[in-house]
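In what follows, a structure is listed as structure tokens, so that the remarks can point back to it.
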Amino acid sequence: EAQVTQNPRYLITVTGKKLTVTCSQNMNHEYMSWYRQDPGLGLRQIYYSMNVEVTDKGDVPEGYKVSRKEKRNFPLILESPSPNQTSLYFCARTSETSVPKADTQYFGPGTRLTVL
Amino acid sequence: AQKITQTQPGMFVQEKEAVTLDCTYDTSDPSYGLFWYKQPSSGEMIFLIYQGSYDQQNATEGRYSLNFQKARKSANLVISASQLGDSAMYFCAMKRAGGGNKLTFGTGTQLKVEL
């Protein structure tokens, strides 16, 4: 079964304490993304990756880093978290099956982060 | 720039009735895809249905269908025979071809199915 896993699912931390949210997919897909969801704003893309060692910024990259050292993993790193990064975070993989569902993104279960 | 607009913050529907959730979009790209996702109270994002901009027919997936009106730039989701389990937040999203794998989301519609 195709899966995207995220850890941790819930995290409460304090301002400035570095943290990493892991994301892993078992389908060998090339494209992966990170989104954050905030009330009234829908989901907004933070970063995406097209392949190993290839990443690029999305709409709201400030305060975040990512890495893609291997195809299955795409961790999100908050070097110095601040309260405005309190949000629900989703990792997504992109299906590469045939048209017409090309580029469908499938999401992980989400990580609820609170920064105090 | 792309934009998705969902004008219905909340909707109520009775069980077994059909409901339409509105979505309009704005893009200058000739090639794009439109998606609907469901987010139940448990929080996960569940893919429901996809429509390509060049698709001649409206997409259908079980009880879900997408009423795609390209000239009006609308992509409304129709849920037939609503069930209590359909109560959730629904998001419309768009991706342009070659767009860096970015989905642009609307703000969502909260659907409540009542007995």
Original post:
Over the alpha carbons of the protein assembly as shown, what is the largest minus smallest coordinate on each principal axis, giving the biggest first in Å?
Top reply: 49, 38, 35
Subject >> Share of alpha-carbon pairs per 5 Å distance bin for the range A:1-106, given as whole % >> reply: 2, 12, 23, 25, 19, 11, 5, 1, 1
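Whole-Å semi-axes of chain B's equivalent ellipsoid, largest first, each the root of 5 times a Cα gyration tensor eigenvalue? Please list the in-between numbers first.
On the way: eigenvalues 115, 42, 29 Å².
Working from the Cα gyration tensor, I get semi-axes of 24, 15, 12 Å.
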Subject >> Average partner coverage of B:101-113, which counts Cβ from other chains inside 10 Å >> reply: 5
Subject >> Net length gained if the chain between A:GLU53 and A:THR15 were fully extended (0.36 nm per residue, minus Cα distance) >> reply: 10.8 nm
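Accessible area per residue for the range A:1-100 in Å², computed with a 1.4 Å probe and the full protein assembly in place, what is it?
Numbers: 5040 Å² over 100 residues.
In whole numbers, the range A:1-100 has 50 Å² accessible per residue.
Order B:THR7, A:THR20, B:THR109, most accessible first, counting only protein heavy atoms with a 1.4 angstrom probe. The partial results should precede the final answer.
Values: B:THR7 100, A:THR20 65, B:THR109 0 Å².
Solvent-accessible surface, decreasing: B:THR7, A:THR20, B:THR109.
Using Cα pairs closer than 8 Å and at least 6 residues apart in sequence, work out the relative contact order for chain B, in percent.
Details: 285 pairs, mean separation 42.4, N = 115.
It rounds to 37 percent for chain B.
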**OP:** Take the alpha-carbon positions of the range B:71-115, form their convex hull, and give its projected area averaged over all directions (one quarter of the hull surface) in nm².
**Re:** 4.5
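Note the buried accessible area between B and A here, summed over both chains, with a 1.4 Å probe, in Å² to the nearest 100.
On the way: alone 6330 and 6490 Å², together 11040 Å².
Summing both sides, the interface buries roughly 1800 Å².
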Original post:
So how far apart, in nm, are the two label points at A:SER67 and A:LEU41 if each is 7 Å from Cα heading toward Cβ?
Top reply: 2.6
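The values are calculated or read from the model by the stated rules, or taken from the named source; none is laboratory data. Because the structure is predicted, anything quoted here is derived from the model rather than measured. No Cβ is skipped: glycine too gets one built from the backbone with ideal geometry, and neighbour counts run over all protein chains shown. With ligands, DNA and RNA removed, areas are computed over all heavy atoms of the protein, side chains included. Shrake-Rupley method; radii C 1.70, N 1.55, O 1.52, S 1.80 Å.
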